[in-house]
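The values are calculated or read from the model by the stated rules, or taken from the named source; none is laboratory data. Remember, it's a predicted structure, so these values are computed and weren't measured experimentally. Glycine also receives a Cβ, built like all others from the backbone with ideal geometry; neighbour counts cover every protein chain displayed.
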Amino acid sequence: MKPSGKVDLFGGPWMVSFMVGPGLLLFAVFVLWPTLDALVVSMQSWTGFSPESQFVGLHNYASLIDDGRFWQSLANTLYYVALGGVGHFAFAFLFASALNSPRLAGKKFFQTLIFFPAFISVVGVAILWSRLYSTTDGLINQLLAGFGIEPGIEWLSDRNAMNSIIISSIWAGVGGQMILILAGMRRIPATYYEAARIDGANEIHLFWHVTLPMLKDVCYVALSLWLIGSMQVFGLVQALDGPDVAIDLETVSTYQYAIAFNAQDNLYMMGRGTAMAIVLVIIIVLLVGVARMAFGRRELEY
């Protein structure tokens, strides 16, 4: 047969290029180019505003090794990630298990109530909790005073502030984790629970030997999202503690901001701040990779 000479516009390389091309272009413009530009900036001594810059190689990275303030901010960040992660997932599992129970009435109401804080902006959360944490007229200290606990606790002092920020973070973000876990619980076949009950399993056994193993992939996604977001914590710390964040509260992101945009001393070290951002990205990738190895690669089949 002779070829018809017609061009198939709905198949072959033309259609592939048409479908993939815009996505690749957007990726190149908004991801690849900024990443490469950040790598270049991280190897320069540059204010971010001056047209002049000086190439310094890996000096900005090497300076972080001897920077005690950077290591302190990293330790504060990891503390926030670890303790906040435990709180987030503990309450997320608790709420999801309750909402997944057939005996609970008003599930839609409680689900909306728990998830509602996720709609509040970071600044709104900070304003709300700063009022609750107020030493003089805060609701928390007023409740404690009713039980005879006086004087009021300074919740946002350097000694207590990070734990107070973590509590605020749990209140604002646990709804998102709960939705993921609840969706995972609802896709577990009921026959698994029925078979386990026939074998004599109680509710605790069901949770440890049926629910948790079947939520392996969901837990990995939820943990990865938590690691990516919490390692970059900035807004809540900055809003609750003010523009001049205390050293004991400083996270990597707040320190990076202070380094890159130190308007008070007119020292804009954009190159060093960008190097810090690159290091933070590497740490996040490593943590997510460790989480991936911990949860394994095998996908669940039903």
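Those residues that are closer than 14 Å to residue 275 by Cα, aliphatic (A, V, I, L, M) and under 30 Å from the mean Cα position of the chain (by Cα), I need them from the range 17-65; list them, please.
36, 38, 39, 40, 41, 43, 58, 62, 64, 65
Just to be sure I understand, how many residues within the range 42-88 are free of Cβ contacts under 8 Å to residues at least 60 places away in the same chain, more than 23 Å from residue 225 (Cα to Cα) and among the hydrophobic types (A, V, I, L, M, F, W, C)?
Pass one, the range 42-88, residues free of Cβ contacts under 8 Å to residues at least 60 places away in the same chain: 50-52, 54-55, 57-59, 62, 65-68, 71, 75, 78, 82, 86.
Add one more test, that the residue is more than 23 Å from residue 225 (Cα to Cα), and what stays is 50-52, 54-55, 57-59, 62, 65-68, 71.
After this cut, where a residue has to be among the hydrophobic types (A, V, I, L, M, F, W, C) as well, the list is 55, 58, 62, 65, 71.
So the answer is 5.
Filter the range 44-85 down to residues that are of a type in the set (A, V, I, L, M, F, W, C), surrounded by fewer than 18 Cβ atoms within 10 Å (Cβ to Cβ) and over 18 Å from residue 160 (Cα atoms), then give me how many there are. Reasoning before the result, please.
First, pick out the residues of the range 44-85 that are of a type in the set (A, V, I, L, M, F, W, C): 46, 49, 55-56, 58, 62, 64-65, 70-71, 74-75, 78, 81-83.
After this cut, where a residue has to be surrounded by fewer than 18 Cβ atoms within 10 Å (Cβ to Cβ) as well, the list is 49, 55, 58, 62, 64-65, 71, 75, 78, 82-83.
Applying the additional criterion that residues be over 18 Å from residue 160 (Cα atoms) yields 49, 55, 58, 62, 64-65, 71.
Of the residues in that region, 7 qualify.
Among 121, 73, which is in contact with an Asp or Glu (Cβ under 9 Å, 6 or more places away or on another chain), polar (S, T, N, Q) and within 30 Å of residue 152 (Cα to Cα)? Before you say what the answer is, go through the steps one by one.
Working: 121 fails: in contact with an Asp or Glu (Cβ under 9 Å, 6 or more places away or on another chain).
Every option except 73 fails the conditions.
Hey, any hits in the range 290-300 for a residue that's modelled with pLDDT under 90, surrounded by 12 or more Cβ atoms within 10 Å (Cβ to Cβ), on the phi < 0 side of the Ramachandran plot and not aromatic (Phe, Trp, Tyr)?
Looking through the range 290-300, at least one residue is modelled with pLDDT under 90, surrounded by 12 or more Cβ atoms within 10 Å (Cβ to Cβ), on the phi < 0 side of the Ramachandran plot and not aromatic (Phe, Trp, Tyr).
Just wondering, is there one or more residues in the range 85-96 that are in a helix (DSSP H, G or I), in contact with a Gly (Cβ under 7 Å, 6 or more places away or on another chain) and within 30 Å of residue 152 (Cβ to Cβ)?
yes
Note down all Cβ pairs under 7 Å where the first residue falls in the range 200-222 and is free of Cβ contacts under 8 Å to residues at least 12 places away in the same chain, the second is of a type in the set (A, V, I, L, M, F, W, C) and in a helix (DSSP H, G or I), and they're at least six residues apart or on different chains.
Final answer for the pair search is 205/196.
Of the residues that make up the range 197-212, is at least one under 30 Å from residue 138 (Cβ atoms), not in a helix (DSSP H, G or I) and not acidic (Asp, Glu)?
Quick first cut of the range 197-212, residues under 30 Å from residue 138 (Cβ atoms) only: none.
No, there is no match, as no residue in the range 197-212 is under 30 Å from residue 138 (Cβ atoms), not in a helix (DSSP H, G or I) and not acidic (Asp, Glu).
Residue check, residue 48 against (1) modelled with pLDDT of 90 or more; (2) touching a helix residue (DSSP H, G or I) at 6+ places or on another chain (Cβ under 7 Å); (3) not hydrophobic (A, V, I, L, M, F, W, C), all met but one. Which one?
(1)
How many residues are farther than 25 Å from residue 112 by Cβ and not in a helix (DSSP H, G or I) if we restrict to the range 161-196?
Matching residues across the range 161-196 total 1.
Can you say whether residue 222 is crowded, with 16+ Cβ neighbours inside 10 Å, of a type in the set (A, V, I, L, M, F, W, C) and more than 29 Å from the chain's Cα centre (by Cα), as far as the supplied structure shows?
In short, no.
Considering only the range 213-239, how many residues are in a helix (DSSP H, G or I) and either hydrophobic (A, V, I, L, M, F, W, C) or more than 30 Å from residue 78 (Cβ to Cβ) (or both)? Talk me through it step by step, then tell me what you get.
So in the range 213-239, the residues in a helix (DSSP H, G or I) come out as 213-214, 216-230, 235-239.
Next cut, either hydrophobic (A, V, I, L, M, F, W, C) or more than 30 Å from residue 78 (Cβ to Cβ) (or both) only: 214, 218-219, 221-223, 225-228, 236-237, 239.
Residues meeting the conditions: 13.
Six or more apart or on different chains, Cβ under 9 Å: which pairs go from a residue in the range 15-41 that's in contact (Cβ under 8 Å) with a residue 60 or more places away in the chain and assigned to a helix (DSSP H, G or I) to one that's of a type in the set (S, T, N, Q) and surrounded by 11 or more Cβ atoms within 10 Å (Cβ to Cβ)? Could you list them?
As it stands, the answer is 38/274; 39/274; 41/53; 41/274, since those pairs meet every condition given.
Which of the residues spanning the range 134-152 are assigned to a loop (DSSP other than H, G, I, E, B) and surrounded by fewer than 17 Cβ atoms within 10 Å (Cβ to Cβ)?
Residues satisfying the conditions are 135, 136, 137, 147, 148, 149, 150, 151.
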